[in-house]
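Just below is one structure, and these are the notes that go with it.
Throughout, read-outs are computed from the coordinates displayed, never taken from laboratory work. Just so you know, these numbers come straight off a predicted model, no measurement behind them. All Cβ positions, even for glycine, are placed from backbone atoms using ideal geometry, and neighbour counts span all protein chains on display.
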Amino acid sequence: MNTLGRTVLVLTAAALLAGTASVPTIAQDKVKIGFSQGTMESSWRVNMVERNKKWFDENIADKAELTITNAENNASKQVTDVEGLLASGIEILVISPVTADALTPVVKQAMDAGVKVLTLDRSVNTPVTSHIGADNILIGNTAGKFVCELLGGEGTVGEIQGVAGASATVDRHDAFNATIAKECPGVKVVADGIGDYVREPAMRLTEDWIQRFPEGELDVIYAHNDGMALGAVAALEAAGRLDDVKVVGIDGEEAAYQAIKDGKMAATFTYHFVAPEGMMYAWDIAQGKTLDAKIVLPTAQIDATNVDEFLGTGF
Amino acid sequence: MTDHAARSASPPAPTLLSRLRRLGALRASGLIWVLLLMIIVAVIYKPTFINPSNLVSVARQTALFGIVAIGMTMVILTAGIDLSVGSIVAVAGVVCATMLDAGMPIWSVVIVGLLIGATLGAINGIVIVIGRVPPFIMTLGMMVIGRGLAMTISGGHPVHFREAAESFAWLGQGFLLGLPVPVWVFLLVAASAFFVLRYTPFGRNIYAVGSNPEAARLSGINVGATIFGVYLISGFLAGLTALVMISRLTVGEPVLATGLELEAIAMTVIGGTSLFGGEGGVIGTILGAAIVTVLANMLNLFGVSPFTQQIVKGFIIVAAVLFETYRRNRNSAK
């Protein structure tokens, strides 16, 4: 419990209640919700927590109590975190596991004890109340369709992949290429490189491609995340080739929205933060609603036509 | 990994020939032929390789990683290793980006960036020298700590500053006399390191400590100060690299320079600096950096699959060390 004490953020709603004294106080006990986050070592994960917490604070803070733990990408710490949450008497466990296998036993233990479990983004190998996540295959397909339309069925693409072999990379690659092959065989992926989801390697790769392909021979760069897409934009801009090559990213970074607004990027596709939906569905469960076993969250396509609606909502 | 082997290995007696070889003069000439051969192959198969714009791009890429490789060379010459350089770049990168975003003056950003690098490097040096923690372990620890610091400072988010400081861009994106500014920075760093290693007592001490720390101590060399010095320099150069990199990218990312330490080690080793310490030098590392970068550029120009590229790169590193080991064995057999 000591380690738990260090990382746990207990959100008391007392202050909020005090500020709204006119609201009749409900004598009933608050619903206890525990949120175990696997890691917060990425902008996206930080957003998942912050946005769920924000929705909680704004909507149900007077009716429920939320405890958030961060396992720091360590599966055994997350098991301890969850055990601590269960010991504190939570009724609903919201969890985004570090790995499926390591967290399966403790999640099963929670289900057996009658706690409702909602897994976010990554799942576990045991039945839970519901799983909510974005779908990289859907995103890859949507990006593929967009590139087909952008090129009018004819053209060349350079693909900057994320960390080789990671499931997100594999899905974003396979789905994109399958869609292109099916919907617009005239579009060819002529170059392929690895950028590890980091801007700097993507920028170097793009610099090399600028040399490899004279003007007009490379039409689109499809990057597996916005950071790499922005690296490609920086290289193209420095070489004066931004008009020649269109850049497409994934994730929904604020800087990518700005680049789309400035006409430097063609489009990006959001990878859903699973927020505030995580808390919304947790609240649905608390009120006794039955959810589908698996809920796939949609991806939004952001391009020049709708970027104004999204500016300020990215991360 | 290498550290224990380094301490137990007995280096060859310093003859005139081996002194010359240590200074990297002989090996460097061999590497020039390797580099020339690669360039010829590249030009034959892909004439665009020789376009000025490609050469400028390759020079800039060489410079960005080369600055850290120069520091790594000095560390490896003492039979040490510095795994923390990539993380130090990230810490300095996110701090400097945050300062730029807040509109702080550029001179203060530069000073803070260099200070962060030097300080983290100095901490490495102090723990290694006074705490007697093996360099591999200490810098591995600093690598993890640094990455965690960068994540904590930035909250895990990339720190953008494009609007805040347009003039800062010159350091990473600008040109001076036809060459990218990072290339000038690299050449300046390499020339300084070459001078220090060849013409100063500190430089000679680095070779002596790497060859045989016990003999160096007995001959009155302050071994601790020498080792402390190389980690300080390595950290300082990582801070400098952070400034150049974030200027080029216009963002400080907590994941910046992930794996940079391995690139720098590869450049140093391919450049002929021995992981056992005491042999090698800056000229070899400049060529090693150029070879690694030209290789990546060639493979990208040729359109080689990224997975195959990794295999080729790995083979080249192993081949370089195999060659080095063969050469050492042949020499010690004489």
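Summary value for chain A: 17 percent relative contact order, contacts being C-alpha pairs under 8 angstrom separated by 6+ residues.
Each 10 Å bin from zero up to the one holding the largest Cα-Cα distance in chain B carries the following percent of pairs: 6, 26, 33, 24, 9, 1, 0. If you take all other residues with their beta carbon under 11 Å from the beta carbon of A:GLU149, and give Lys and Arg +1 and Asp and Glu -1, the sum is -1. For the range B:110-186, the fraction of C-alpha pairs farther apart than 14 angstrom is 75 percent. In terms of surrounding Cβ atoms within a 10 Å radius of their Cβ, B:PHE175, A:PHE146, B:PHE202 rank from fewest to most as B:PHE175, B:PHE202, A:PHE146.
Taking every residue in B:248-259 and counting other chain Cβ atoms within 10 Å of its Cβ, the average works out to 5.
Spatially, the range B:92-117 and the range A:25-81 are offset by 34 Å when compared through their Cα centroids.
Per the Cα gyration tensor, the range B:231-309 maps to an equivalent ellipsoid with semi-axes of 22, 21, 11 Å, ordered largest to smallest. Taken as Cα centroids, the range A:127-190 and the range B:157-232 sit 44 Å apart, rounded to the nearest whole angstrom.
Each listed q (0.07, 0.08, 0.11 Å⁻¹) maps to a log10 I(q)/I(0) for the protein assembly as shown, found by the Debye formula over equal Cα scatterers with no solvent: -0.52, -0.66, -1.13. Once the convex hull of all Cα atoms in the range A:136-271 is built, its volume per residue stands at 86 Å³. Straight-distance candidates among the aspartates and glutamates for linking to A:LYS77, with alpha-carbon spacing under 16 Å and chain neighbours fewer than 8 residues away dropped: A:GLU41, A:ASP101. Here the sum of -39500 (n - 2.57) over DSSP H runs of 4 or more residues, divided by the residues of chain B, equals -25000 deg cm²/dmol at 222 nm, to the nearest 500. Considering only B:SER53, B:LEU37, A:GLY278, and ranking their Cα positions along the charge dipole of the protein assembly as shown that arises from unit charges at the beta-carbon of Lys, Arg, Asp and Glu, the one farthest toward the positive end is B:LEU37.
Taking other Cβ atoms within 10 Å as a rough exposure proxy, B:PHE186, B:PHE65 sort from fewest to most as B:PHE65, B:PHE186. Taken over chain A, the alpha-carbon convex hull comes to 148 cubic angstrom per residue. Volume per residue for the range B:162-233 equals 111 cubic angstrom (convex hull of Cα atoms).
Note on the range B:3-329: dipole from Cβ charges, positive end direction compared against B:GLY121, B:ASN205, B:THR73; the farthest Cα belongs to B:ASN205.
Shape analysis of the range B:72-204 yields a ratio of the Cα radius of gyration to the Kirkwood radius, Rg/Rh, of 1.01. Straight-line cross-link partners of A:LYS264 among the lysines, defined as a Cα under 21 Å from its Cα and at least 8 positions apart when in the same chain: A:LYS145, A:LYS246. For A:LYS63, the lysines whose Cα falls under 23 Å of its own Cα, not counting residues fewer than eight places away in the same chain, are A:LYS30, A:LYS32, A:LYS53, A:LYS54, A:LYS116, A:LYS289. Note on A:SER43, B:SER87: ascending count of other Cβ atoms within 10 Å places them as A:SER43, B:SER87, the fewest first. Taking Cα pairs under 8 Å and at least six residues apart, what relative contact order does chain B come out at, in percent? Taking the mean separation of contacting Cα pairs over the length of chain B, I get 34 percent. Based solely on its DSSP helices, what 222 nm [θ] is calculated for chain A when runs of n ≥ 4 H residues each add -39,500 (n - 2.57) and the sum is averaged over all residues, nearest 500 deg cm²/dmol? Using -39500 (n - 2.57) per qualifying helix, the result is -13500 deg cm²/dmol.
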